[in-house]
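The structure under discussion appears below in the form of structure tokens.
The values are calculated or read from the model by the stated rules, or taken from the named source; none is laboratory data. Bear in mind the structure is a predicted one, so any value in this text is a computation, not a measurement. So basically every Cβ, Gly included, is an ideal-geometry build from the backbone, and we count neighbours across all protein chains shown. The accessibility values were calculated without ligands, DNA or RNA, using every heavy atom of the protein model including side chains. Shrake-Rupley method; radii C 1.70, N 1.55, O 1.52, S 1.80 Å.
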2 protein chains.
Amino acid sequence: MSARLLDGAGLARQLKAELKAEIEAFVAAHGVTPTLAVLQVGDDEAASGYARAIARTCKGVGVAFRAETLPGEASQAQAVETLQALNRDPQVHGIMVLEPLPAALDLDALLDHLDPAKDVDGVHPLNAGRLATQRPPFFVPATPAGGIRLLEEAGVDFQGKEAVVVGRSNIVGKPMAMLLLHRHCTVTVAHSRTVDLPAVCRRADILCVAVGRPEMVTGDWVKPGAVVVDFGTTYTDAGLKGDCHQESVAAVAGMMTPVPGGTGPMTNVQLMTNVLQAARQAVAR
Amino acid sequence: MSARLLDGAGLARQLKAELKAEIEAFVAAHGVTPTLAVLQVGDDEAASGYARAIARTCKGVGVAFRAETLPGEASQAQAVETLQALNRDPQVHGIMVLEPLPAALDLDALLDHLDPAKDVDGVHPLNAGRLATQRPPFFVPATPAGGIRLLEEAGVDFQGKEAVVVGRSNIVGKPMAMLLLHRHCTVTVAHSRTVDLPAVCRRADILCVAVGRPEMVTGDWVKPGAVVVDFGTTYTDAGLKGDCHQESVAAVAGMMTPVPGGTGPMTNVQLMTNVLQAARQAVAR
């Protein structure tokens, strides 16, 4: 048996083409171009690389991209001021703060100043709370939203299924657990303190892994026929690796997302979907 | 074997005495009396009874109680206006909206107008999100906060334990799951769509039930030695009943909260604790 590999790259291409047409229609109807501003403090290479990737994705679907950069020695007050200026700017619909920030800055305190209506990355606690309590409108972090979309397009049935989410980050694990719970899965959140993690994973009809430990999950952790969603992306000497050992997991699972080409490409397109949603809400106000 | 019954009524009495002294010291230090305002629309008997119970608890610990009542035919706009006046009133530190509201009013839309800094019942999505993402300050809904407190006082060890929460309400099940997750339990949320709920419950080292179905959980659903927390309170012909069948569960569990006298009394004292927290934050601003 060999798992069906869920082609996130292919689906992302299709969704981007659809989104490009939607954005063109939106621009034609409202004379407004959905715009994403990215705030970067300092010149961390990972942050710069991510900014370039986002700029490319924006260009591909017709979202305007604006880079706001502050020097690495900028103060917390300067960062807050720049963020608030973006909040006030009616031409900006979505805002992202790139990580990592310089060590002197407090990310959570900065994000408290982000307008929740422009929080297209779903990092403001108001969006986390609206998601948790199912009170729209809210923005779902792009990575779990993209993962769910990939499962939905593959026809995965959620209701009554045992889902296990490994990892409890605010940006992937917890929101993924909420998305699965709202689709009526029985949801378990496991993590580094979980006792006998392999046994907990083997309970899962739907196993989602977001821990950043390359190839941690092996085939013997997986229930035969399960759906496995791999959110891990770690660059190793052997290339980009997910949290799952692909060969052994694929031999047991019914479906799985590969790395690369699974959840990663879905994240970018979901971010663009969120920017369009923010622009729609802005013109409706 | 017979479970140790966790005496919530006794602990609540002790905590109330401690809280009364803390509140006296706060009043002496700041010349401000912590004040809870309760907004009731219409004259629903359950809401009125709850208001009277809250007023009694307030009196017992030295919190000032203010009842704001609107006629049953009040409009949504009138309810919002009254709530906003309470938000603005510097003498009010905590605000609760009593349920049920008349059918013509939209509770969630009303609660969006509640100042999160006065949301001592933890119902505003900003507080839900700050709890979920562990970004204080936030208010935890009184029922799960009281339940956790009862377990902590009983010396329950959380780390690495399998916790199962049955029920996924915004006010009990979901916040209880978060509190357990942050204490490093492996947490499963089960609900009405869960397949083989008894088997899922039997996995639990810590089983929390909040569904409002009297005596649903019987001893054969419980792992020997487990800690069982019963949040159910349903008035039946045979008296007040929890979600657990007390006799059969007590024969299997290691500890359990009785109904009455378990989590219920803890809820009231936790609400008062939240009002004092709100007053402290108000004088610190």
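Tabulated data for the structure shown
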quantity: Per-region count, the range B:218-238, residues surrounded by 13 or more Cβ atoms within 10 Å (Cβ to Cβ) and either more than 21 Å from the chain's Cα centre (by Cα) or without any contact (Cβ under 8 Å) to a residue 40 or more places away in the chain (or both); calculated: 10
quantity: Candidates A:L150, A:L179, filtered to the one that is more than 12 Å from chain B (Cβ to nearest Cβ) and either under 23 Å from B:R203 (Cβ atoms) or without any contact (Cβ under 8 Å) to a residue 12 or more places away in the chain (or both); calculated: A:L179
quantity: Output for the range B:153-169, where each listed residue is buried (at least 18 other Cβ atoms within 10 Å of the Cβ), part of a loop (DSSP other than H, G, I, E, B) and more than 9 Å from chain A (Cβ to nearest Cβ); calculated: B:V156, B:F158, B:G167, B:S169
quantity: Members of the range A:240-272 found to be open to solvent by 30 Å² or more (accessible area, probe 1.4 Å) and over 21 Å from A:I54 (Cβ atoms), listed by number; calculated: A:K241, A:H245, A:Q246, A:E247, A:S248, A:A251, A:V252, A:M255
